[in-house]
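Below is one structure; the comments refer to it alone.
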Amino acid sequence: MKLPIRLSGMSLLAVLAVLACTKCRKMDMSNAATAREVVESSSFVNPLAVPAILAGVNATLTTQTGTAALGSGITVSALGYGSAPILGPTIRIRQGEQFNLAFSNNLTEPTNIHWHGLEVPAAQDGYPTDVTTPGGSFQYNFQVKNRPGTYWYHPHPDMATASQAYRGLAGFFLVSAPEEDALGLPTGEYDVPLVVQDKRLDGGLAYNPNTDDRSIGMFGESVLVNGTAGPVLGVATRTYRFRLLNGSNARIYNFALSTGAKFQLIGTDGGLLDAPQEISTILLASGERADVLVDFNGLVAGTELYLQSNVFAGTPSQGKQSFKILKFTVNRQEPDNFKLPASLMPVEALASSQAVATRSFNIGHMMEHGGMAGMIMHPLDGKTFDANRRDEVVKAGTVEIWEFDNTMGTETHPMHLHAGQFQVLERIGGRGIVQPWEKGWKDTVLAFPGEKVRIIVRFPDNKGKFVFHCHNLEHEDGGMMLNYEIQ
Ligand code: C2O
Ligand code: CU
Ligand code: CU
């Protein structure tokens with residue numbers, strides 16, 4: 001694998017020159033690439049894989065290369081954690097527990113683990129240059145502070161996150177707590193994590209992005225769920241909890257049921273909402289999660305329905321297509337004594353009046369074409385990532401408003417903060433509203449071209465250097481990431 005050498009940060013003059021050049025902007029838009037279309041599976045016949053559960057507070061995990069069978073006779077060489085040839089086990093842990101992980105790297109390239117959404121000390125967070133060399137090991141050790149919910153882990157080495165995540169490295173990290181137990185939500189085989197990822201199987205999972213891929217992100221024509229192609233899940237006539245994770249490099253999904261049926265949203269990135277919300281679609285960008293309850297009551301055995309992605313507007317590069325993702329086959333009658341609770345778990349609302357500062361970041365800068373073949377850089381507020389720079393300094397425990405301004409932009413950017421969770425205050429321009437699935441605590445929020453998204457965050461008491469970045473992984477690796485230090 002060849003990694004491009006990053007140009008040192010763009011100078012202010014260069015930024016101004018780019019902004020002033022409306023001709024370049026126009027050229028860029030007319031040349032805008034569109035995402036590779038999805039080729040829907042012709043037969044959803046492969047039993048959905050469900051990742052093994054890694055329980056206990058003392059765990060061991062090794063990254064390695066293996067051959068993954070995706071179903072329908074498709075095999076690819078992939079990367080996995082533990083004994084999984086692709087993806088990794090689901091870590092299940094209780095809030096408050098101390099997690100100890102003996103991590104080893106059996107790859108031929110450096111890697112690390114970032115605990116996406118978890119509030120962990122800087123040295124545990126998988127900072128891009130904190131890597132474990134091939135053959136090396138590292139001890140992760142942190143207390144799980146987060147609220148009950150759906151988090152995940154994936155590699156985060158500088159300029160290789162996209163490549164390693166694409167080739168298979170990712171897993172769920174599920175936190176539970178007594179408050180959640182008391183709700184009587186579906187558990188065990190009725191609580192199913194679903195990581196949705198598009199892959200380019202003609203390349204056998206090799207990661208070789210071309211110029212367009214580096215510009216709009218790496219899109220594949222095959223949509224896998226938990227590493228299964230053309231997946232089917234047999235379900236009983238009862239309520240299920242599905243934990244949806246968009247683990248794709250760049251593709252956005254507008255999740256819906258093929259019947260158009262409504263379902264209950266009970267959690268977002270940062271865990272349970274204060275109350276369930278009934279909705280019929282959820283738009284999730286790379287990195288975002290949604291915890292939903294789907295009710296199969298009243299369906300006769302043999303009924304087939306799908307989790308699908310509906311068309312959506314807002315970005316020129318994708319959304320024009322609807323496609324099926326996962327088939328549900330109702331295969332048995334079962335009594336369901338589940339009662340939807342009226343309330344779930346309190347969410348403390350942060351108020352603008354608490355904020356001690358507002359910072360605004362321009363995420364609408366045009367990408368840069370670098371001098372080297374195929375190199376595309378994506379600036380964040382006019383800069384590209386430099387591990388040796390300190391871009392922002394904040395104070396532990398204080399509340400701030402951050403604005404991600406894509407008003408002048410032409411690309412789509414899901415913006416993600418490490419270190420802690422935030423709340424979405426408002427969206428100005430574009431869709432103009434905070435969506436139902438953007439309520440509660442979030443760590444990633446989508447800004448379409450023309451949108452400015454304002455978030456409010458209270459920085460945790462974990463001092464040190466963290467990153468924030470675009471979670472389109474090609475944009476991230478293309479430099480769209482900055483540092484912020486909590487003091
Ligand atoms: Cu899921 Cu910094 O990323
Ligand atoms: Cu993260
Ligand atoms: Cu982006």
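Throughout, read-outs are computed from the coordinates displayed, never taken from laboratory work. What you are looking at is a predicted structure, and each value in this text was computed from that prediction instead of being measured. Every residue, glycine as well, gets a Cβ built from its backbone with ideal geometry; the counts of neighbours run over all protein chains shown.
Most tightly packed first, judged by the mean number of other beta-carbon atoms within 10 Å of their residues, the peptides 162-175, 225-238 read 162-175, 225-238. Couplings 3J(HN,Hα) of region 234-251, computed from phi: x, 10, 8, 7, 7, 8, 10, 9, 10, 10, 7, 10, 7, x, 7, 5, 9, 6 Hz, in residue order, whole Hz [Karplus 6.51 cos²θ - 1.76 cosθ + 1.60, θ = phi - 60°; x for Gly and Pro]. Once backbone amide H atoms are built at 1.01 Å from N, residue 99 has 142, 143, 144 as its partners under 5 Å, excluding neighbours fewer than 5 places away on the same chain. Model label points for residue 77 and residue 461, set 7 angstrom from Cα along the Cα-to-Cβ axis, are 4.9 nm apart. Electrostatic tally near residue 406: other residues with Cβ closer than 9 Å to its Cβ, Lys and Arg +1, Asp and Glu -1, net -2. I want to verify the translational diffusion coefficient of the chain in µm²/s; compute it with Stokes-Einstein, Rh as the Kirkwood radius over Cα pairs, at 20 °C and 1.002 mPa s. Answer, rounded: 95 µm²/s. Ranked for footprinting exposure by Cβ neighbours inside 10 Å, fewest first, 469, 114, 475 give 114, 469, 475.
Exceedance of the 23 Å cut-off in Cα-Cα distance is limited, within the set 145/452; 383/465; 199/320; 320/383; 145/463, to 145/452; 320/383. A simple packing score, the average count of other Cβ atoms within 10 Å per residue, orders the peptides 439-447, 152-160 as 439-447, 152-160, with the highest score first.
Over the chain, dividing the summed -39,500 (n - 2.57) contributions of all DSSP H runs of at least 4 residues by the number of residues returns a 222 nm mean residue ellipticity of -2000 deg cm²/dmol.
Compared with the rule-of-thumb size 2.2 N^0.38 Å for a compact globular protein, region 188-332 has a Cα radius of gyration ratio of 1.08. Backbone geometry of region 104-121 corresponds, through the Karplus equation with coefficients 6.51, -1.76 and 1.60 at θ = phi - 60°, to 3J(HN,Hα) couplings of 10, 10, 9, 8, 9, 9, x, 8, 7, 10, 9, 9, 5, x, 8, 8, 10, x Hz, x marking Gly and Pro. The peptide list 299-306, 47-54, put in order of mean Cβ contacts within 10 Å with the highest first, becomes 47-54, 299-306. Positive contributions from Lys and Arg (+1) and negative ones from Asp and Glu (-1), summed over other residues with Cβ under 12 Å from the Cβ of residue 444, come out at -3. Backbone amide hydrogens, once placed in the peptide plane, bring residue 326 within less than 5 Å of 307, excluding anything fewer than 5 places away on its chain.
The phi torsions of region 211-228, fed into the Karplus equation with coefficients 6.51, -1.76 and 1.60 and a -60° offset, translate into couplings of 4, 5, 4, 6, 7, 9, x, 7, 10, x, 8, 10, 9, 9, 10, 6, x, 9 Hz, rounded to whole numbers, with Gly and Pro shown as x.
When the alpha carbon gyration tensor of region 46-179 is reduced to an equivalent ellipsoid, the three semi-axes, largest first, read 23, 19, 12 Å. Residues within the reach of a label modelled at residue 301 (point 7 angstrom out along Cα to beta-carbon, backbone nitrogen below 17 Å), restricted to region 326-348, are 329-336.
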